[in-house]
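Colleague: Starting off with a structure, shown below.
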Amino acid sequence: MANNIDKPEEKPPKISDKIVIEVKDLVKTYHSGAGDTLVLKGLNFQIHEGEFVSIMGPSGSGKSTTMHILGALDTATSGDYILDGVNTKDLSEDELAGVRSRKIGFIFQAFNLLAHKTVLENVMLPGMYGHLPMTLRHQKATELIKLVKLENRAHHRASQLSGGQQQRVAIARSLMMDPAIILADEPTGNLPTDQTDEVLRFLTSLNRDQGKTIIIITHEPAVASYSDRTIVLRDGVITSDGPANRNVHYDCA
Amino acid sequence: MIALEIFREALSSLWQNKGRTFLSVLGIVIGIASVIVMMGIGQGAQDSITSEVGGLGTSTINLINMSREKPLTLKDLDAILANDYAGVFSAYCAQTQGSYTLAAGSESVESVSVTGVTAGYLTVEGKTVELGNFFDDDDFATGNRVIAVGQAVAKDIYGSASAAIGQRLNVGTIPFTIVAVFASESSSGMSFSDPDSFAVVPLSAMQNSLTGSSSLGSISFLLTDAAQATTAKSIIGYTMLARHNLTDVADADFTIFAATDLLEVLTAVTGTMTMLLSGIAGISLVVGGIGIMNVMLMSVMERTREIGLRKALGARQITLIAQFLFEAVLITCLGGIIGLLIGLGGCTAYSFIMTQMSNDARAVVSWSSVILSIGISTAIGLIFGIYPARKAAKLPPIEALRTE
Ligand SMILES: Nc1ncnc2c1ncn2[C@@H]1O[C@H](COP(=O)(O)OP(=O)(O)O)[C@@H](O)[C@H]1O
Ligand SMILES: [Mg+2]
């Protein structure tokens, strides 16, 4: 077991004054046959451009629900979500599709690749929906695949890759439209420890070198320790919001 | 996004999921092929009944002798014709028939139907002479022992039609001279005997040389107009009742048979066939349709996650619906063409097998069945290919992604 892993990014984050994400009194209620479940009980937070934020909390506390709303994959029951100065409430279906296409790269815990498509095709897919010309799409996807070190797997089907490789494909895919914000829901939850470190280093470098705003969900302190700020959720309420504890190692997780 | 790009995505999606595509196409193929074959078999059965009915000749009426005491004679014919003020009968033929062994030299054929006829025979029965000359007035009047034979008789005894002309032929023990050979007739599906195995002699010769009696088996009348069958029947019926001193039709010692009577029965049968046919078509369309519906529903439902994911990656609803529309169109077109070919092949195979089994049944492909089956299958394929996709595309991405 690796211990005392060096955080490679000892350079500080470049956080601007610009608020890219603002959440006000965010409430989410699920309606089901068994009745209504109040999952988010009024969240308030702001995230600046260039921040690397982790969201922590026990299972069922509402982390994924929050992330889906931030990613425009779901809508809040009440409250406001202001993205880049625009209240998402005011956006049409097609404008929301545009947000998902251009502003946000989403990384799922379950990878969510199209199993029958090749690595290259999976990475290129957001480029098609984002209207990138074919040649540019191809060139960009090839670069991204090189970046996640899968160039010799480009023409393999997604289903033929290991979990860590699939998640790297998913990361490459999330970068296809060069979004300013990367949302990752337990991106390392399904990965063994050595691959976890690789993925987290990569995300950190995106933050430090490219200034991307990154929000990552985890319940592992060791994972959260890569971030600069940790928001803790418990039963749909924020119980703490402050600088991340950067001195946690894998053997403590 | 341009349509071409969506179309390419639809194509690659079908290509990359060959198993699923194959099953969807198969569902449509089975639906369309089974409808075409089922409707073809039904249509074929109906056509053959209709042609049987058509071949009956709807404008003849037969008066059939049923009495030993007061047998039908030529006097009855004269009386009936005397009562035909309206001129409903255009031709007539008195007949009496028996079964005889025909022999010449060492060749013989047993149990051949030999009929004594009057001059209207060719017209009334619709026969044509292929070789020689049919009986002349003298033959009919004087009872010359001349005979006209069917193709089968000529071939069996003399080897060919031309070899038979002018030859002697013994009917039982009485010698006749062959003056004519009838043209060959195709078998009507309804009789099992060879239609060319028969012989005809003048009624006078039949009565003088063979039966020795003046009684007739029947008289056939050809009507000027098939619509006058009822008038014709009543002329014949009242003449005969009067001649037999009867007042009640129930006591009649003769039978009047009109082909139109049979036609009514057969028309009813055809009506039932049409109903049956529509039923078969309806059921096969429903069965085929449900098959197609299931296959399309299943393949789209299992792709709800995929739809959610594509939305999460930035796809707009309209783009996704267009992709599924293209996929459904490609699948139904491919399935439609293959299904049509298999359906046509199935009909041909059915007809071939039936021919081998000497059965009259055929499978007849009609444009209406092709259009109906392809139209309905395509509509079902498109509706159930697109509707669930549209529904999934309207969900928030995360809900679509969550479905199992
Ligand atoms: N679609 C849904 N319908 C009903 N309840 C849901 C749904 N999704 C999540 N929940 C509930 O909401 C709560 C929060 O879920 P989630 O946001 O996934 O938590 P976390 O990601 O922190 O583990 C849980 O109690 C979960 O059961
Ligand atoms: Mg979760």
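Any read-out appearing in this document is the output of simple, stated calculations on the displayed coordinates, not a laboratory observation. Keep in mind it's a predicted model, so treat the numbers as computed, not measured. Cβ sites come from the backbone with ideal geometry, for glycine too, and all protein chains shown count toward neighbours.
Colleague: Can you compute the modelled spin-label distance between residue A:37 and residue B:110, with each label point 7 Å from Cα toward Cβ, in nm?
Modeller: If labels sit at residue A:37 and residue B:110, their model points lie 9.4 nm apart.
Colleague: Further, regarding this structure: As a test of the formula, what do you get for chain B when each DSSP H run with n ≥ 4 contributes -39,500 (n - 2.57) and the sum is divided by the residue count, at 222 nm and rounded to the nearest 500 deg cm²/dmol?
Modeller: After summing the helix terms and dividing by the residues of chain B, the value is -18500 deg cm²/dmol.
Colleague: Same structure, new question: Quote the relative contact order of chain A in percent (integer), defining contacts as alpha-carbon pairs under 8 Å separated by 6+ residues.
Modeller: Across chain A, relative contact order equals 28 percent.
Colleague: Would you work out which of A:182, A:162, A:152 lies farthest towards the positive end of the dipole of chain A, given +1 charges on the beta-carbon of Lys and Arg and -1 on that of Asp and Glu, about the Cα centre?
Modeller: Value computed over the given set: A:152.
Colleague: Sticking with this one: Taking a point 7 angstrom from the Cα of residue A:246 along the C-beta vector, which residues in the stretch A:209-225 have backbone N less than 12 Å away?
Modeller: A:225
Colleague: With a length cut of 27 Å (Cα positions projected on each helix's long axis) and a Kyte-Doolittle mean of at least -1.0, go through chain B and give me the DSSP H helices that pass.
Modeller: Long hydrophobic helices here: B:18-55, B:259-301, B:317-356, B:367-394.
Colleague: Alpha carbon centre of the stretch B:75-137 versus the stretch B:366-404: separation in Å?
Modeller: 68
Colleague: Place +1 on the Cβ of every Lys and Arg and -1 on the Cβ of every Asp and Glu in chain B, take the dipole about the Cα centre, and give the residue among B:113, B:300, B:161 whose Cα lies farthest towards its positive end.
Modeller: The Cα lying farthest towards the positive end belongs to B:300.
Colleague: For peptide B:314-321, compute the average count of partner chain beta-carbon atoms within 10 Å of each residue's beta-carbon.
Modeller: 6
Colleague: If you don't mind, there's one more thing I want to ask. Quote the charge dipole size of chain B about the Cα centre in Debye, to the nearest 20; the model charges only the Cβ of Lys and Arg (+1) and of Asp and Glu (-1).
Modeller: The dipole of chain B has a size of about 2660 debye.
Colleague: Using Cβ contacts closer than 10 Å as the measure, can you line up A:155, A:131, A:116 from fewest to most?
Modeller: Fewest to most other Cβ atoms nearby, the residues stand as A:155, A:131, A:116.
Colleague: Mean separation of Cα pairs under 8 Å and 6+ residues apart, divided by the residue count of the stretch A:1-135: what relative contact order is that in percent?
Modeller: 22
Colleague: Please list A:133-145, A:201-213, A:177-189 highest first by mean number of surrounding beta-carbon atoms within 10 Å per residue.
Modeller: Ranked from most to least packed, the peptides come out as A:177-189, A:201-213, A:133-145.
Colleague: Shifting gears a bit: Of all DSSP beta bridges in the protein assembly as shown, what percent run antiparallel (nearest 5)?
Modeller: Around 70 percent antiparallel, to the nearest 5.
Colleague: Just want the answer: with Cβ charges of +1 for Lys and Arg and -1 for Asp and Glu, which residue in A:40, A:109, A:244 is farthest toward the dipole's positive end in chain A?
Modeller: It is A:109.
Colleague: Counting just the Cα atoms, what span does the protein assembly as shown cover along each of its three principal axes? Round to the nearest Å and put the largest first.
Modeller: Here the spans come out as 135, 54, 39 Å, largest first.
Colleague: Also, quick follow-up: Give, rounded to the nearest 20 debye, the magnitude of the charge dipole that the stretch A:122-232 has about its Cα centre when Lys and Arg contribute +1 at Cβ and Asp and Glu contribute -1 at Cβ.
Modeller: I would put it at about 400 debye.
Colleague: Quick one: dipole size for the protein assembly as shown, taken about the Cα centre, charges +1 on Lys/Arg Cβ and -1 on Asp/Glu Cβ, in debye to the nearest 20.
Modeller: For this selection, approximately 2940 debye.
Colleague: Most mobile of B:112, B:265, B:249 per a Gaussian network model of chain B (Cα springs, under 10 Å)?
Modeller: Comparing B:112, B:265, B:249 in the GNM, the peak value goes to B:249.
Colleague: What is the mean number of Cβ atoms from other protein chains located within 10 Å of the Cβ atom of each residue in peptide B:304-313, rounded to a whole number?
Modeller: Average per residue, whole number: 6.
Colleague: Count the net charge of all other residues whose Cβ sits under 15 Å from the Cβ of residue B:126, scoring Lys and Arg as +1 and Asp and Glu as -1.
Modeller: So the surrounding residues net to -3.
Colleague: Then there is this: Which of A:30, B:85 comes first, and how do the rest follow, when ranked by fewest Cβ neighbours within 10 Å?
Modeller: Taking fewest neighbouring Cβ atoms as first place, the list is B:85, A:30.
Colleague: Continuing with this model, one more query. I need to check one value: relative contact order of the stretch B:67-252, counting alpha carbon pairs closer than 8 Å and at least 6 residues apart, in percent.
Modeller: 31
Colleague: Taking a threshold of 26 Å on the Cα-Cα distance, which of the pairs A:63/A:146; A:24/A:103; A:212/B:391; A:63/B:394; B:127/B:155 fall above it?
Modeller: Checking Cα-Cα distances, A:63/A:146; A:212/B:391 exceed 26 Å.
Colleague: Same structure again: Under 13 Å Cα to Cα from residue A:18, which aspartates and glutamates show up? Leave out anything in the same chain fewer than 8 places away.
Modeller: Of all the aspartates and glutamates, those that pass the test against residue A:18 - Cα under 13 Å, at least 8 places apart if same chain - are A:49, A:51, A:84.
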